[in-house]
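The values are calculated or read from the model by the stated rules, or taken from the named source; none is laboratory data. All values reported here derive from a predicted model rather than from experimental measurement. For neighbour counting, all protein chains shown are included, and Cβ atoms are generated from backbone atoms with ideal geometry for every residue, glycine included. The protein model used for the area step is the full one, side chains on, heavy atoms only, and it has no ligands, DNA or RNA in it. Shrake-Rupley method; radii C 1.70, N 1.55, O 1.52, S 1.80 Å.
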Amino acid sequence: MSPETPKARPATALADSNAPRRTLLLTGASRGIGHATVIRFSSAGWRVITCSRHPFPEECPWGAGPEDHIQIDLGDRADTLRGIAEIRERLDGGQLHALVNNAAISPKAAGGRRLGSIDTEMDTWERVFHVNFFAPIMMARGLIEELKAAKGSVVNVTSIAGSRVHPFAGAAYATSKAALASLTREMASDFGRIGVRVNSIAPGEIDTAILSPGTEKIVEEDIPLRRLGTPDEVAKIIYVLCTETSSYVNGAEIHINGGQHV
Ligand SMILES: NC(=O)c1ccc[n+]([C@@H]2O[C@H](COP(=O)([O-])OP(=O)(O)OC[C@H]3O[C@@H](n4cnc5c(N)ncnc54)[C@H](OP(=O)(O)O)[C@@H]3O)[C@@H](O)[C@H]2O)c1
């Protein structure tokens, strides 16, 4: 490195120390893209409230985690409503600057086989739609006052499977993501009027536990960049959509897939 080359600054240095601390509510934070999103926002000085079905893992290095973690089963309507009430209490009439609806399920048949539109049980359709589609709108509506007070931003995590038949993602998952993309458009119109931006991101093949064996073939044949994406490459775009850089972006769906959709 030459003497003139500036040293890389840690993300915390980017946060304005005089600005009030911003708050993110993130669903499905325990693994994969959600976990990378916690790291990205925490590093920039945000308070991050997380929720998922499991308790906060003791081995997690984020000191502020356990008291800002809420256990919710987003597949259950009553529990989702209970969780929203608990989140509102923790925000205590305050502001919510960002809501990221990231939690999702993608059930498979025995042996990891894809569940198509003919063989998906109705119970499975209903549960998938509750976690992947109804929970995001319940969260946004339940926290609308806090989002409005902050002129906040909502990011819905959709999928490339929402716009094309995918070899591994099931029919219930794919249609729930297509519905979530449409919901993003509706929300952008309704929430936009109260100063809350709503966008979605549609990841392709990101290196997480949700991937199926055989993804290597998609990488070789369908992804121009010839590699998987990393969770942080998704978290970076979520961060942009929740901050000033994207202040006039509303109702967009951003593809994060190395060109898989072209
Ligand atoms: N990875 C990819 O390649 C890819 C591609 C396209 C789209 N996506 C989308 O990106 C998002 C994150 O994917 P990921 O790969 O990071 O997923 P993941 O590793 O499977 O994590 C899913 C998260 O959702 C939580 N969750 C699942 N069911 C829940 C429930 N009923 N209630 C509350 N939380 C629940 C899980 O936590 P608990 O188990 O503790 O509940 C976990 O934190 C999802 O919306 C997914 O559809 C991912």
For the range 125-262, the accessible surface attributable to carbon and sulfur atoms (probe 1.4 angstrom, ligands and nucleic acids excluded) amounts in percent to 56
Expressed in nanometres to one decimal, the distance between label points 7 Å along Cα→Cβ at His261 and Arg164 is 1.1
Dividing the helical contributions, -39500 (n - 2.57) per DSSP H run of n ≥ 4, by the residues of the chain yields a 222 nm value, nearest 500 deg cm²/dmol, of -10500 deg cm²/dmol
Restricting to lysines and to Cα separations under 24 Å from Lys177, and discarding same-chain partners fewer than 8 apart, the set is Lys108, Lys217, Lys236
The FRET efficiency for Ala19 and Asp232, from their Cβ-Cβ distance with R0 = 22 Å and rounded to 0.05, is 0.40
Per DSSP, the loop-located GluC sites (Glu not before Pro) within the range 85-127 having at most 15 other beta carbons within 10 Å are Glu121
Between the modelled labels at Lys217 and Ser117 (7 Å from Cα along Cα→Cβ) the distance in nm is 2.3
Once phi for every residue in the range 255-262 is put through the Karplus expression 6.51 cos²θ - 1.76 cosθ + 1.60 (θ = phi - 60°), the whole-Hz ³J(HN,Hα) values, with Gly and Pro written as x, are 7, 10, 8, x, x, 4, 8, 7
Output ordering of 78-84, 37-43, 155-161 (per-residue mean of other Cβ within 10 Å, highest first) is 155-161, 37-43, 78-84
TM-like helix rule applied to the chain (DSSP H, alpha carbon span at least 24 Å on the long axis, mean Kyte-Doolittle at least 0.0) gives 171-192
Between the residues Ala103, Gly45, Thr120, the Cα farthest towards the positive end of the dipole of the chain, that dipole coming from +1 and -1 charges on the beta-carbon of Lys, Arg, Asp and Glu, is from Gly45
Between the modelled labels at His54 and Ala109 (7 Å from Cα along Cα→Cβ) the distance in nm is 2.8
Ranking Arg77, Arg226 from most to least accessible area with a 1.4 Å probe gives Arg77, Arg226
With +1 at each Lys and Arg Cβ and -1 at each Asp and Glu Cβ, the charge dipole magnitude of the chain around its Cα centre, to the nearest 20 debye, comes out at 440
The distance between the Cα centres of the range 237-254 and the range 168-204, in whole Å, is 14
Amide H proximity to Arg53 below 5 Å, modelled H, separation 5+ or other chain, gives Ile72
